[in-house]
Amino acid sequence: QVQLVESGGGLVQAGGSLRLSCAASGFTVDDYAIGWFRQAPGKEREGVSCISGRGGITYYVDSVKGRFTISRDSAKNTVYLQMDSLRPEDTAVYYCATEESPYGSTCLFDRLSTYDYYYWGQGTQVTVSS
């Protein structure tokens, strides 16, 4: 059974840091593209970052580039999102998700759409105060 569980969210001051974890079970994270998405109240869910399977190629949207870092620990079957220099506009529920197929990845084409991802975690709240 495929399962994704996010953790590590919380309340932080602007300029601070958080590290989110996405613990996977039922599949190997090295075989599938994993994406991080976020959704603020009243806004659409948007992509943040992704890492491709096997090759581990990463992609970041412009708004987080240079501040966020996606990584994975194969031994723990976990994907991380290190968030530094946090801003109030980063406040959202953060979700990790995986594409359905292990073959290819839209992440390799610098594309990060919710429509390409099938399995989702329950989300973890990140709140950045001014």
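The values are calculated or read from the model by the stated rules, or taken from the named source; none is laboratory data. None of these values were measured; they are calculated from a predicted model. With ideal geometry, Cβ positions are generated from the backbone for all residues, glycine too; neighbour counts draw on all protein chains shown. Ligands, DNA and RNA are excluded from the accessible area calculation, which covers all protein heavy atoms including side chains. Shrake-Rupley method; radii C 1.70, N 1.55, O 1.52, S 1.80 Å.
Of note:
- Odd one out for Ser21 among (1) part of a loop (DSSP other than H, G, I, E, B); (2) buried (at least 17 other Cβ atoms within 10 Å of the Cβ); (3) of a type outside the set (Lys, Arg); (4) at pLDDT 95 or above: (1)
- Residue among Ser85, Ser7 that is over 18 Å from Ser129 (Cβ atoms) and of a type in the set (Gly, Ala, Ser): Ser7
- Whichever residue in region 59-108 is without any contact (Cβ under 8 Å) to a residue 40 or more places away in the chain and surrounded by 15 or more Cβ atoms within 10 Å (Cβ to Cβ) and, among such residues, is farthest from the chain's Cα centre (by Cα): Arg67
- Figure legend. Inter-residue proximity from region 1-28: first residues touching a residue at least 60 places away in the same chain (Cβ under 8 Å) and closer than 15 Å to Arg87 by Cβ, second residues of a type in the set (Ser, Thr, Tyr) and open to solvent by 40 Å² or more (accessible area, probe 1.4 Å), beta-carbon distance below 8 Å, spacing 6+ or different chains. Indicated pairs: Leu11/Thr127; Val12/Thr127; Ala14/Ser130; Gly15/Ser85; Ser17/Ser85.
- For region 36-67, a residue qualifies if it is hydrophobic (A, V, I, L, M, F, W, C) and touching an Asp or Glu at 6+ places or on another chain (Cβ under 7 Å), and exactly one does: Phe37.
- Region 109-128 - residue that is open to solvent by 70 Å² or more (accessible area, probe 1.4 Å) and outside any strand (DSSP E or B) and, of those, modelled with the highest pLDDT: Gln122
- Of residues in region 48-106 being of a type in the set (Gly, Ala, Ser) and part of a strand (DSSP E or B), the one farthest from Gly123 (Cα to Cα): Ser71
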